[in-house]
Amino acid sequence: MITESNVKRILLKDLNFDAPKIKKLDNFAKKLLIYNKKHNLISKNTEKQIWDRHILDSAQLIKFIDVKSCSGIADLGTGGGFPGIILAIYFQNFNFHVKLYEKSPVKSSFLTDISNILGLNCKIMRNDINSAKIDSNYIVCRAFRKLSYILNISRENCIKKHKIIILK
């Protein structure tokens with residue numbers, strides 16, 4: 001298991017997160033673990049691995065997003081905010097939104113609260129993904145449905161030119 005300090009070092013040196021963004025990640029992780037005691041945002045079995053299993057895993061996506069061509073990022077089934085909140089923290093000063101699609105009222109409430117607390121440039125989309133018109137040109141998801149379902153959403157609901165990044 002990679003330690004929290006090792007993950008922070010990787011985020012700083014390899015992924016170009018700065019100290020204020022690391023501080024926001026810290027705040028997010030603490031709030032998520034508190035909220036997770038009452039509501040199941042992440043598996044209780046992975047709480048001790050939040051930095052490597054959830055945060056670093058999500059942060060790696062920034063390497064595949066070209067900010068010059070990005071008009072927006074849509075995170076399908078964001079759950080507790082992975083990878084969407086991590087991407088919103090990293091891209092907070094860019095001219096596009098990160099849209100977090102989450103239909104669970106409990107999870108979307110947490111996402112709204114944490115987004116406000118951290119001052120993020122993201123939107124929480126509570127509508128059913130099947131009826132949503134997704135205008136982001138980057139689609140990301142992590143632990144969300146079967147590949148065939150994701151590809152169908154991509155084909156039917158997304159703007160025609162987009163890229164999909166799927167963590168499975």
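Sparse packing (at most 16 other Cβ atoms within 10 Å of the Cβ) combined with a DSSP loop state is found for the following trypsin sites (Lys or Arg not before Pro) in segment 40-85: LYS68. Compared with the dominant principal axis of the Cα atoms in the chain, helix 4-13 is inclined by about 60°. The convex hull of the Cα atoms of segment 38-168, projected and averaged over all directions, covers 7.7 nm².
Solvent exposure of VAL67, expressed as accessible area, is near 50 Å², computed with a probe of 1.4 Å over the protein chains only. Straight-distance candidates among the lysines for linking to LYS160, with alpha-carbon spacing under 23 Å and chain neighbours fewer than 8 residues away dropped: LYS63, LYS68, LYS99, LYS123, LYS133, LYS146. What shape does segment 1-114 have by the C-alpha gyration tensor, where a ≥ b ≥ c are the square roots of the eigenvalues, rounded means a/c under 1.5, and otherwise prolate means a/b greater than b/c and oblate the rest? Because a/c hits 1.5 or more and a/b fails to exceed b/c, segment 1-114 counts as oblate. Across the options LEU76, ILE166, CYS122, the greatest Cα extent toward the positive end of the charge dipole of segment 65-168 (unit charges at beta carbon of Lys, Arg, Asp, Glu) belongs to ILE166. If only the Cβ of Lys and Arg carry +1 and only the Cβ of Asp and Glu carry -1, the dipole of the chain around its Cα centre is close to 180 debye.
Calculate how steeply helix 19-36 sits against the longest principal axis of the alpha-carbon atoms of the chain, using the helix alpha-carbon long axis, and give the answer as 0 to 90 degrees to the nearest 10. Here the helix axis deviates by roughly 80 degrees.
Taking the Cα centre of the chain as the origin and placing charges on Cβ (Lys, Arg +1; Asp, Glu -1), which of VAL67, ILE150, LEU32 is farthest toward the positive end of the dipole? Value computed over the given set: ILE150. Note that the chain presents 52 Å² accessible area per residue, ligands and nucleic acids not counted, probe 1.4 Å. Each Lys or Arg adds one and each Asp or Glu subtracts one; over the other residues with Cβ under 11 Å from the Cβ of ILE22, this totals +2.
Relative to the longest principal axis of the Cα atoms of the chain, the long axis of helix 147-157 makes an angle of roughly 60 degrees.
Under a 5 Å amide H cut-off, with hydrogens placed 1.01 Å from N, CYS158 pairs with ILE134 among residues at least 5 apart or on other chains. Could you tell me whether segment 109-168 comes out rounded, prolate or oblate from its Cα gyration tensor? Rule is a ≥ b ≥ c as square roots of the eigenvalues, rounded for a/c under 1.5, then prolate if a/b exceeds b/c, otherwise oblate. Here segment 109-168 falls in the prolate category. For ASN137, the shell of other residues with beta-carbons less than 13 Å away shows a net charge of +3, using +1 for Lys and Arg and -1 for Asp and Glu. What part of the accessible area of segment 1-107, given as a whole %, is carbon or sulfur when the probe is 1.4 angstrom? Within segment 1-107, the accessible surface is 51 percent carbon and sulfur. Taking every alpha-carbon pair under 8 Å whose residues sit at least 6 apart, the chain reaches a relative contact order of 20 percent.
The values are calculated or read from the model by the stated rules, or taken from the named source; none is laboratory data. The shown structure was predicted, so the numbers you read here are calculated from the model rather than taken from an experiment. Note that each Cβ is placed from the backbone with ideal geometry, even for glycine, and that neighbours are counted across all protein chains shown. Heads up: the accessible areas ignore ligands, DNA and RNA and are worked out on the full protein's heavy atoms, side chains in. Shrake-Rupley method; radii C 1.70, N 1.55, O 1.52, S 1.80 Å.
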